[in-house]
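Every read-out reported here was derived from the displayed coordinates using simple, explicitly stated rules and does not represent laboratory data. Predicted model, so just to flag it, every value in this text is computed and none were measured. Please note: Cβ atoms are built from the backbone with ideal geometry, for glycine as well, and neighbour counts cover all protein chains shown.
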Amino acid sequence: MELPNGVENDDTRSIMLSRGCGSEVFLIHVKESLLRIFHNDNGVDWFLVHSICLREVCANLGMADWPPLDGHTHGVKIRAVGDNAKFVLLDLFGAIVFLDITSKQAQKLYEMRQEDGTLIDRNNQSESKKGVSSCSSAQ
């Protein structure tokens with residue numbers, strides 16, 4: 001199955017799949033501060049169903065001043081997704097954030113403290129870094 005346009009599998013925890021009903025599949029992709037959710041129910045075509053600016057939905061969490069990443073997504077990682085792409089757990093620069101996709105409401109669940117060290121991505125052993133750029137709808 002091919003990835004949707006503008007989506008690359010680059011081993012940075014920027015893509016995750018969510019199962020839907022029957023043979024439906026959702027693909028969740030984050031690049032910089034833009035979270036996009038695609039739907040596929042026939043195994044061939046992907047359709048964009050949600051595009052969410054993380055800077056906007058997380059502004060009330062005290063996370064609005066994210067420095068740019070110059071096109072990279074090192075500070076934003078997808079940690080888990082719910083069935084039917086109902087929610088996403090994100091690692092935003094050391095803060096674990098629950099995002100309800102339907103309501104576009106975000107809640108900070110945990111924030112790393114300096115004495116905690118850094119979060120380690122066990123899949124590629126890279127440490128979380130600070131920074132993200134503003135939203136862009138470029139696909």
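Structure values in brief
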item	result
Qualifying residues in region 36-63 (those that are among the polar types (S, T, N, Q) and touching a residue at least 24 places away in the same chain (Cβ under 8 Å)) - the one surrounded by the most Cβ atoms within 10 Å (Cβ to Cβ)	N40
Residue count for region 16-35, restricted to those that are part of a strand (DSSP E or B), crowded, with 20+ Cβ neighbours inside 10 Å and either among the aromatic types (F, W, Y) or out of contact with any Lys or Arg (no Cβ under 6 Å at 6 or more places or on another chain) (or both)	8
